[in-house]
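The values are calculated or read from the model by the stated rules, or taken from the named source; none is laboratory data. It should be emphasised that the depicted structure is a prediction, and the values quoted were computed from it without experimental measurement. Positions of Cβ are backbone-derived with ideal geometry, glycine not excepted, and every protein chain shown enters the neighbour counts. Each accessible area value is taken on the protein alone, full model and side chains, heavy atoms only, with ligands, DNA and RNA left out. Shrake-Rupley method; radii C 1.70, N 1.55, O 1.52, S 1.80 Å.
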Amino acid sequence: MSLPRPLLALTAAAVTTVLSLGTAQLAAASAPSAPSAAPVTAVGAAVGLPTDAQLRAALLTAAELGPDFTEVPADPGSSPEAEPEPGAGASPMAGCDTLRALLNQVGANGPSQTPHQEAEFDGPDGNPMVTESLTAEEPERLNADFATVTAAFADCHSLTFTDDMGGAVTFSVTPLALGEREGAPAVRIDGTISGVRLNGYLGIERLGDVALAYGFFQRDSDASQLASLYYRAAVAKAERTLGLQAGSTVAPGAPA
């Protein structure tokens, strides 16, 4: 069943979008027409931030998830000029204003100006699906972006999407502790499409000057063990590879 990908992967992409593009671009794009603002300053070359290569090395691999997992190739259709895939225009309805703004930004901008890497993996027959991204930013910008996603999680209790046939599909959104840290923002998403039960988990973690965004989606199951297992593995590998501690707000050697 391919339906969960355009619906649920869109939600995971929203988290990645705000962390890689920043709240300044988000606010500018979601606000009413206004005079053009100065472009956001690129921070990808900032001294001390991890490079794209370092972030790539810190992501999980298909082999680490298990022998039945494969990495999904980057979709060339995700460029701004490409036609959107079915369901890509769907957005949450009332009650999720912040998350709706994030979703409306998915695919609407070009490549990130910050160091950023992401990966998506499929289990057998596309079930489960795992997504992970790592984004490095300067502290003040990362503080704002992390706060935006955290607020979006806290304020949203249900998401209503439009499926491929134009029908409304509603998912409940519930906060939970996905990993070791109780304070790490995470939510569980539950819904049913055409009698098929869908279950997803989204989590974000701060590691100094790096934000980790994680998504896990499955069908015909609502068990959370695998979602938590892979999330913990993603955080542990990022900590080990980047030398950054989960929950820290400053990078090693940076002034407090």
Those residues of the stretch 171-229 that are within 24 Å of E239 (Cβ to Cβ) and among the charged types (D, E, K, R) come to a total of 7
Here the residues within the stretch 53-71 that are open to solvent by 40 Å² or more (accessible area, probe 1.4 Å) and not acidic (D, E) are A53, Q54, R56, A57, T61, A63, P67, T70
Heads up, the strands (runs of 3 or more DSSP E) in the stretch 161-218 (entirely inside) with at least 3 residues that are of a type in the set (A, V, I, L, M) and at pLDDT 80 or above are 186-193, 196-207
**Message:** When you check P67 against the structure, is it more than 22 Å from L242 (Cα to Cα), modelled with pLDDT of 85 or more and in a loop (DSSP other than H, G, I, E, B), yes or no?
**Reply:** yes
| message | For the structure I just gave you, tell me whether A144 is out of contact with any strand residue (DSSP E or B) (no Cβ under 8 Å at 6 or more places or on another chain) and either at pLDDT 85 or above or closer than 28 Å to T114 by Cβ (or both). | response | yes
Scanning the stretch 134-160 for residues that are part of a strand (DSSP E or B) and open to solvent by 10 Å² or more (accessible area, probe 1.4 Å) gives S158, T160
Considering residues that are touching a strand residue (DSSP E or B) at 6+ places or on another chain (Cβ under 8 Å) and in a loop (DSSP other than H, G, I, E, B), the number found within the stretch 224-243 is 1
